[in-house]
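Here's the structure, in structure tokens; my notes come after.
The values are calculated or read from the model by the stated rules, or taken from the named source; none is laboratory data. Given the structure is predicted, the values throughout are model-derived calculations rather than measurements. Don't worry about glycine lacking a Cβ; one is built from the backbone with ideal geometry, like all the others, and counts go over all protein chains shown.
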Amino acid sequence: MTYSGKTTIELSEKDFSELSGLFNTVFNRKTDPAYFIHKYHSPYLGYSFHGLMYNDEGNIAGAITIIPFSYSFFENQIATGCAVDLMIHENYRKDFLSLKHMYDHAIEKSGSSLDFLYAVPNPNAYLYWTKFLKWRDIGQLNYYIQVLNISKIKAGFSGFDWMSKAFSFFMNNLVLKSDVLRKEQEYPIFKMNNETYRKYRFNKNYAEITESDKYAYYTILNEMGINTAYIVDLHPFTKSWAGSVVKQIYTLEKNHIDIIIYIGNNLKPPINLIRVPRKLEPRSLHLVGHSLSEKIDDRIYNMDNWLFNLSDFDAR
Amino acid sequence: MREDIKKIMAVVFSVEQGSIPEDVAYGIHEKWDSIHHLNLIVELESYFGVLFEPEEIQTMTNIDRIVDCLTLKK
């Protein structure tokens, strides 16, 4: 096995093709190289950093990618890197250090261009990040949901869909239309959310909800038979706007979705969203991070300082 | 100590303790992969009341090395 660090600009057509093929194999997805060309085109630097593992035939057998973004950290602009798409072909998972080698090459390639790295690893990879790479746990993300068809979520509840539908209808109609309750929750760490970023982040797979200066994005995915509307981002981050967004998604999509989900932190849930208790979460999602710069201090490891949701880490 | 380690391995790898050979090693035993390795480390830390550094974790790839590491910690 050999390892290499590259920027996206240095990736060849063959590299993109192999990355796409590896991703489809490891995650059982159907992507094409164009998906990765767009995804790795960071709105901040224009490219990402890749740690690559090649097999003896010279083909990519493992990869990790760090996509640069711009964040505000207590009113200072910082460059962050979101670690994504960690994948190793199952035939090449014997070497415990493979991930570390790929990670080291990606970091070396990034030079001094990044101040802070973060990731939301799956529960299996979490230990590797925290225990072995010594990244620090920042905090656990919350799930907020509105269930429309409970039979799809919970086996044995097939006769109760009318009840969950009635509950959704009732709760959504309790949401106030006015902005009387508008009080924006402000957090000192958040992504810089400009037009360039939104153009990069929200392609045709996302639906937009707008109302004067307010906006939200959501996408509908079939998750193992459950039609799920994910609220990916919302601005401003207010209880009333969150409630209004959920209500609008319900109105537009109620005939073909089973559940509405918002994943993030610090949201004061509106009346039509329920926070899922920890023990009922489908999987625990932890934000972990690692500082590379003296510009960063320990305040970054406090989840209460972050405004963080799916738009920050889930690039589907 | 070896029997304790094998008992923990059996739980982490979800196999019978008796099926773990004396020369069990990372990458050789079918259940001992990178994910189970870290789960094993966490369980060893909890059982023996120690903490391992990354440099130690990467060397603990067979039962003899685990015993050596634990002996040095104790």
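A few notes on this one:
- Scanning segment B:23-38 for residues that are within 12 Å of chain A (Cβ to nearest Cβ), of a type outside the set (F, W, Y) and surrounded by 14 or more Cβ atoms within 10 Å (Cβ to Cβ) turns up B:G27, B:H29, B:D33, B:S34, B:I35, B:H36, B:H37, B:L38.
- Residue satisfying all of: in segment B:1-42; among the aliphatic types (A, V, I, L, M) and assigned to a loop (DSSP other than H, G, I, E, B); farthest from A:E90 (Cα to Cα) among these: B:M1
- When A:K14 is tested against (1) surrounded by fewer than 16 Cβ atoms within 10 Å (Cβ to Cβ); (2) closer than 25 Å to A:E294 by Cβ; (3) not polar (S, T, N, Q), only condition (2) is not met.
- The residues of segment A:110-125 that are in contact (Cβ under 8 Å) with a residue 24 or more places away in the chain, in contact with a helix residue (DSSP H, G or I) (Cβ under 9 Å, 6 or more places away or on another chain) and either within 14 Å of chain B (Cβ to nearest Cβ) or more than 30 Å from A:D304 (Cα to Cα) (or both), listed by number, are A:P121, A:A125.
- Every residue from segment B:44-60 that is aromatic (F, W, Y) and either away from every other protein chain (no Cβ under 12 Å) or over 23 Å from A:L86 (Cβ atoms) (or both): B:Y47, B:F48
- Enumeration of residues in segment A:285-301 that are in contact (Cβ under 8 Å) with a residue 40 or more places away in the chain, in a loop (DSSP other than H, G, I, E, B) and under 21 Å from A:N76 (Cα atoms): A:L292, A:S293, A:K295, A:I296
- Note on segment A:11-41: residues that are within 17 Å of the chain's Cα centre (by Cα), in contact (Cβ under 8 Å) with a residue 40 or more places away in the chain and farther than 20 Å from A:L221 by Cβ amount to 1.
- Checking B:I63, B:I41, B:I20 one by one, the residue that is touching a helix residue (DSSP H, G or I) at 6+ places or on another chain (Cβ under 9 Å), within 11 Å of chain A (Cβ to nearest Cβ), β-branched (V, I, T) and crowded, with 16+ Cβ neighbours inside 10 Å is B:I41 and no other.
- Matching residues in segment A:17-45 - criterion: being charged (D, E, K, R) and either within 15 Å of A:R201 (Cβ to Cβ) or crowded, with 17+ Cβ neighbours inside 10 Å (or both): A:E18, A:K39
- Against the list (1) in a helix (DSSP H, G or I); (2) without any contact (Cβ under 8 Å) to a residue 24 or more places away in the chain; (3) among the charged types (D, E, K, R), the condition A:D304 fails is (2).
- Filtered by the rule that a residue be closer than 20 Å to A:F237 by Cβ and modelled with pLDDT under 75, segment A:173-211 gives A:V175, A:L176, A:K177, A:S178, A:D179, A:V180, A:L181, A:R182, A:K183, A:E184, A:Q185.
- Every pair of residues 6+ apart whose Cβ atoms lie under 7 Å, when the first sits in segment A:75-101 and is more than 11 Å from every other protein chain (Cβ to nearest Cβ) while the second is of a type in the set (K, R): A:N76/A:K295; A:I78/A:K295
- Test for A:P282: is it in a loop (DSSP other than H, G, I, E, B), crowded, with 17+ Cβ neighbours inside 10 Å and either of a type outside the set (S, T, Y) or out of contact with any helix residue (DSSP H, G or I) (no Cβ under 6 Å at 6 or more places or on another chain) (or both): no
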